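Asker: Once you've had a glance at the structure underneath, I'll fire off some questions.
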């Protein structure tokens with residue numbers, strides 16, 4: 001049987017959940033579809049940046065949010081060869097929350113789900129996978145959904161594709177993306193953390209190797225950056241060779257790498273950087289990774305997706321509630337968010353091509369790039385990376401109308 005809702009959002013990730021909660025708070029009927037039965041999936045992005053923390057504050061939720069288990073990263077360090085630099089210090093940001101919160105993404109999503117359920121027009125449907133679209137001529141009119149009870153269709157005034165970089169809905173809509181390429185993939189795994197270890201989130205750049213460590217309380221979340229498509233070669237060399245390669249990059253005893261007991265503990269992130277040329281068509285809008293897959297450089301992808309959601313809520317809640325949504329309204333979201341997306345990807349691609357690719361192919365000791373030496377030596381310039389990582393090019397604020405709404 002068909003169902004009917006004002007807005008149907010495919011994808012219960014950060015962008016989809018944030019948009020659903022904000023629209024429901026503004027009094028718009030929303031159904032969010034999440035294809036899994038819960039949010040418990042490891043090795044998702046766990047960085048909650050200052051821009052997102054400020055949104056929690058604007059909604060009056062920051063105190064409750066920070067009661068969730070998390071670690072606060074106030075500085076980020078990088079080591080090039082034997083030289084070590086503080087790459088970003090968030091203490092100078094002009095906001096209350098001068099840190100990046102490292103938090104399991106399932107905790108963040110469960111928090112948003114709990115807040116959303118307080119609004120009568122919010123509905124989260126788990127185990128509901130968006131498989132396609134329905135059309136009336138050129139206009140998208142609904143979503144085809146697969147559930148344990150069988151297939152159904154949800155008709156909606158607006159369908160939002162927030163279903164990630166492999167978006168089924170953007171493909172079904174025939175929207176075209178431009179792929180910018182990436183020279184690397186990332187192998188993710190955990191290592192135990194001891195009380196005597198440093199607390200610093202850090203990255204190390206050595207000839208042929210890039211290694212990042214995120215402090216997660218009793219463990220380190222580790223990213224071993226490899227040449228694009230290089231996973232099969234690394235696995236073929238054997239787990240012992242992998243542990244030895246990791247051990248040489250650790251800032252403590254190499255034997256800690258022996259905690260990697262089998263390959264099941266190592267997950268591959270295939271890096272993609274792309275962007276839709278057009279984010280919308282009548283009745284459909286793409287946001288987050290469905291509109292623009294970001295490089296992991298800076299860890300800003302989740303927060304950029306959340307900014308998309310805020311902009312979409314600010315611009316669309318009125319037309320949706322009044323029943324007068326047009327393609328022009330949807331295009332306004334892209335117009336608002338395209339500059340920060342393009343600017344961020346441009347910086348990420350520069351780092352990928354000038355730093356990451358050169359490091360992964362280097363045969364000699366790595367020296368710090370000139371821009372790193374210059375920025376970290378001049379106090380004012382050293383604040384730029386923290387600003388770009390923490391807040392981004394165009395940080396969004398939740399509109400007063402949504403802040404003051406009660407969900408009716």
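Asker: Working from the alpha-carbon coordinates of the chain, get Rg over Rh, Rh being the Kirkwood radius.
Answerer: Values: Rg = 21.6 Å, Rh = 22.1 Å.
Answer for the chain: 0.98.
Asker: Of the beta bridges DSSP finds with both residues in the range 1-109, what % are antiparallel, to the nearest 5?
Answerer: Just about 75 percent of them are antiparallel.
Asker: Got a sec? Which residues in the range 67-89 would a label at residue 110 touch, if it sits 7 Å along Cα→Cβ and we count backbone N under 18 Å?
Answerer: Correct set: 67-71.
Asker: Could you calculate the contour length gain from residue 331 to residue 231, that is, 0.36 nm times the residue separation minus the distance between their Cα atoms, to one decimal place in nm?
Answerer: 32.1 nm
Asker: Using the reciprocal of the averaged 1/r over all distinct C-alpha pairs, how large is the Kirkwood radius of the range 142-221 in Å? Don't skip to the answer; put the middle values down first.
Answerer: Values: mean 1/r = 0.0570 Å⁻¹.
The answer is 17.5 Å.
Asker: Right, another one. Rg and Dmax in Å for the range 72-137, alpha carbons only: what are they?
Answerer: 20.6, 62
Asker: Using just the helices of the chain, give the 222 nm mean residue ellipticity in deg cm²/dmol: DSSP H runs with n ≥ 4 each add -39,500 (n - 2.57), and the total is spread over all residues, rounded to 500.
Answerer: Dividing the helical sum by the residues of the chain leaves -9500 deg cm²/dmol.
Asker: Sticking with this one: If you average the C-alpha positions of the range 252-306 and of the range 193-232 separately, how far apart do those two centres end up, in angstrom?
Answerer: For the range 252-306 versus the range 193-232, the Cα centre distance is 16 Å.
Asker: Once the piece of chain linking residue 127 and residue 86 is laid out straight, how much longer is it, given 0.36 nm per residue of separation minus the C-alpha distance between them?
Answerer: 10.4 nm is the gain from fully extending residue 127 to residue 86.
Asker: Considering Cα pairs under 8 angstrom that are at least six residues apart, work out the relative contact order of the range 94-204 and quote it in whole percent.
Answerer: 14 percent
Asker: When only C-alpha pairs under 8 Å and at least 6 residues apart count, what is the relative contact order of the range 251-398, in percent?
Answerer: Answer for the range 251-398 is 23 percent.
Asker: Continuing with this model, one more query. Under a GNM of the chain (C-alpha, springs under 10 Å), which listed residue has the highest mean-square fluctuation: 285, 378, 191?
Answerer: Looking only at 285, 378, 191, the biggest GNM fluctuation is shown by 378.
Asker: Measure nothing fancy, just the Cα-based angle from helix 327-351's long axis to the longest principal axis of the chain, in degrees from 0 to 90, nearest 10.
Answerer: Tilt relative to the chain: about 0 degrees.
Asker: Let me ask another. Pop the C-beta distance of residue 381 and residue 180 into the FRET formula with R0 = 22 Å and round what comes out to the nearest 0.05.
Answerer: Given R0 = 22 Å and the Cβ-Cβ separation, E is 0.25.
Asker: For the range 72-226, state what percent of all Cα-Cα pairs lands in each successive 5 Å bin, counting from 0 Å until the bin that includes the largest distance.
Answerer: Going from the shortest bin to the longest, the percentages are 2, 7, 10, 12, 13, 12, 12, 12, 10, 7, 3, 1, 0.
Asker: Over the chain, calculate the relative contact order: mean separation of alpha carbon pairs under 8 Å at least 6 apart, over the residue count, as a percent.
Answerer: Computed over the chain, the figure is 24 percent.
Asker: What distance in nm lies between label points placed 7 Å from Cα along the C-beta direction at residue 361 and residue 240?
Answerer: That separation, rounded to one decimal, is 3.3 nm.
Asker: Have a look at 365, 14, 104 and tell me which one the Gaussian network model of the chain (Cα, springs below 10 Å) gives the largest fluctuation.
Answerer: For the chain, modelled as a Gaussian network with Cα springs under 10 Å, the answer is 365.
Bear in mind that the values in this text are calculations on the coordinates, not laboratory data. Quick caveat: nothing in here was measured; it's all calculated off a predicted structure. When we count neighbours, we look across all protein chains shown, and the Cβ atoms used for this are built from the backbone with ideal geometry, even at glycine.
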